[in-house]
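I have placed the structure first, in the form of structure tokens, so that the comments after it can refer back to it.
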Amino acid sequence: MNAISLAGIIFLALFAGLIAYFARFKPGSSPSSLRDIPAFSRIRRGIGLAVEAGQQLHLALGHGGIADFKGGSGLVGLSLLERIARAASNSDRPPVATSGEASLAFLSQDTFKSVYRLMYSESQYDPEAGQLTGLTPFSYAAGAILVASDPQVSTNLFSGHFGSEIGLILDAAEQNDSLTSGGSDDLQAQAILYAAAQEPLVGEELYAAGAYLQVNPYHLASVRAQDIMRWVLAGGILVGAVLKAFGLI
Amino acid sequence: MKSYPFVYLLAAIAIASGAAVLVGYFFPSLAGLKGEMLDWAVIFTAVLLLIGVISLVRTHWRKIMQDQKDRAYSLVLIFSFTLTLLVAAPSGPTSKWSMWLYENLLIPIESSLLGILAVFLLYASARLFNQRMNIYTLLFIGTVLLALLGWLTIPGVDLEGFKDARDWLSSVWAVAGVRGILLGVGLGTVATGLRILIGADRPYGG
């Protein structure tokens, strides 16, 4: 095993240990202990208003697979979906999720199914709530536009891997006067979201969605662990830069 | 709430598979195990793709049958799917006619969407002033304008200063910002992966 692998293992073990520690021994913290991110307040309000008004929520999960780096933001989207489906389980119009990748589409259907099963409302489950709208970025966008522009959809959330085609979905959502919010792991999509979404989530803010929307205690614990690991990473970069400057590495 | 024993089996499979790939990544002697798991993942993904296509067609077929709104789009999808299947299935995806469909239908349609996107982005940048008028918005628009001016070539006008400023912005400030964002995204992705590895997040029906 080389030094890089060893450093990787230590980093992951420390990260996992911190998540487990905060979840197990410091579970009492609430999202109010986190810094204020206005997007999450609006998302919470958007979910509540949609449920009260009998309108629909749309969650776009993008077209990244789950077997590589691009899958992280899609998996965060699935956590968000679970939270939304739980909140809207009594709504007249259950939420809808669109994806451009088959495994994400099936996981979104599975998320709906398990939430409705846990809420004893399995009859509400509709496989079409988790839609695969296309298999290329633009065909995905073309299919998602139909959902985002539906007048019954009052909130459009984005969490996943997108490219520039996210602009087309955002435009459809804006023309529908719905709330638009979300983030992506892709920098191009991130820039478009910043310009076009009402409440963009920048960088790691997206990954904190589960903590702010209270999906489960592990999300809050992982945000706290992330804060520590960020310092560890920054320290490592600084030490590396100093060692490099003195020719020691 | 009910608990389902099957959920624990799913969690065990997910955790064991994830751990096997992770261990294989760090220990070269176990790379074979990682490769085996990834091969299985590729096979499952291919099967899911096939089921996904069937599901997509079924959804749109139902829309047509139930006379739902926007059924015209569903009709176009079914027609395009059938045409592509008839052309590509007998001769393969890289045959002359498959490539003809790709080059003369798919690429022009996607290019036109890209064209619309350019117009939308311009519109979105202008709308940003109304939506969020703050220092960051001004910085965003200012950077966009400076980058655009840096790309311009006007005969008889010396825009070297703008080009230098654009290069300085993109190679110093933008790269630093991008690295910061990517570090955040990386940390978030690792945290998401670890939550799944320790069974805290179960997006597979748990």
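One table, with the values for the structure above:
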read-out: For the protein assembly as shown, alpha-carbon Rg over 2.2 N^0.38 Å; value: 1.03
read-out: Cβ-Cβ FRET estimate between B:A147 and A:L14, R0 fixed at 25 Å, reported to 0.05; value: 0.05
read-out: Under DSSP loop assignment and at most 14 Cβ neighbours within 10 Å, longest trypsin sites (Lys or Arg not before Pro)-free interval of chain B; value: B:70-206
read-out: Solvent-accessible heavy-atom area per residue, rounded to whole Å², over region B:1-91 at 1.4 Å; value: 71
read-out: Most positive-pole-ward Cα, A:L146, A:A189, A:S114, against dipole of region A:49-215 from beta carbon charges; value: A:S114
read-out: Sum of -39500 (n - 2.57) over DSSP H runs of 4+, divided by residues of the protein assembly as shown (222 nm, nearest 500); value: -22000 deg cm²/dmol
read-out: Relative contact order (percent, whole number), chain B, Cα cutoff 8 Å, 6+ residue spacing; value: 22
read-out: Size of electric dipole in region B:1-91: Cβ of Lys, Arg +1 and of Asp, Glu -1, about Cα centre, debye, nearest 20; value: 380
read-out: Cα centroid separation - region A:104-121 against region B:162-187, whole Å; value: 40
read-out: Table column - 3J(HN,Hα) (Hz), region A:58-70, Karplus curve with 6.51, -1.76, 1.60, x for Gly and Pro; value: 10, 10, 8, 9, x, 10, x, x, 10, 9, 9, 4, 5
read-out: Rounded if a/c under 1.5, otherwise prolate or oblate - chain A, Cα gyration tensor axes; value: prolate
read-out: Radius of gyration and Dmax over the Cα atoms of region B:1-91, both given in Å; value: 20.5, 58
read-out: Percent of Cα-Cα distances greater than 26 Å, calculated over chain B; value: 68
read-out: Gap separating the Cα centres of region A:46-99 and region B:5-31, nearest whole Å; value: 27
read-out: Protein accessible surface hidden between A and B, which excludes ligands and nucleic acids, total in Å², probe 1.4 Å; value: 5600
read-out: Helix B:135-151 vs. chain B, principal-axis angle (Cα, 0 to 90°, nearest 10); value: 70
read-out: Computed accessible area, B:W40, all protein chains, 1.4 angstrom probe, square angstrom; value: 130
read-out: Top of B:V144, B:V157, B:V87 by mean-square fluctuation, Gaussian network on chain B, Cα under 10 Å; value: B:V157
read-out: Restricting region A:162-249 to chymotrypsin sites (Phe, Trp or Tyr not before Pro) in coil, as DSSP defines it, with at most 11 other Cβ within 10 Å; value: A:F246
read-out: Residues whose placed amide H lies under 5 Å from that of B:Y204, excluding near-sequence neighbours; value: none
read-out: Net length gained if the chain between B:A20 and B:L114 were fully extended (0.36 nm per residue, minus Cα distance); value: 29.7 nm
read-out: Span-like helix ranges in chain A, DSSP H, alpha carbon extent 15 angstrom or more, Kyte mean at least -0.5; value: A:3-25, A:38-52, A:71-87, A:102-118, A:137-148, A:217-245
read-out: In the protein assembly as shown, lysine pairs closer than 28 Å at Cα, eight or more apart or cross-chain; value: 6
read-out: Computed E for B:V178/B:L138 - FRET, C-beta separation, R0 22 angstrom, nearest 0.05; value: 0.60
read-out: Dipole of the protein assembly as shown [Lys/Arg +1, Asp/Glu -1 at C-beta], most positive-end residue of B:V57, A:Y207, B:L145; value: A:Y207
read-out: Per-residue mean of C-beta atoms belonging to partner chains within 10 Å, peptide B:35-44; value: 1
read-out: Accessible area of region B:1-91 belonging to carbon and sulfur atoms, whole % at 1.4 Å probe; value: 75
read-out: Rounded to 10°, Cα long-axis angle of helix B:31-65 versus longest principal axis of chain B; value: 80
read-out: Shape of region B:84-132, Cα gyration tensor, a/c cut at 1.5; value: prolate
read-out: Computed FRET value (nearest 0.05) for B:A12 with B:W61, which takes r as the C-beta separation and R₀ as 41 Å; value: 0.65
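The values are calculated or read from the model by the stated rules, or taken from the named source; none is laboratory data. For clarity, every value in this text was computed on a predicted model and none was experimentally measured. Positions of Cβ are generated from backbone atoms using ideal geometry, with glycine treated the same way; all protein chains shown enter the neighbour counts. Calculation scope for accessible area: heavy atoms of the full protein, side chains included, ligands and nucleic acids excluded. Shrake-Rupley method; radii C 1.70, N 1.55, O 1.52, S 1.80 Å.
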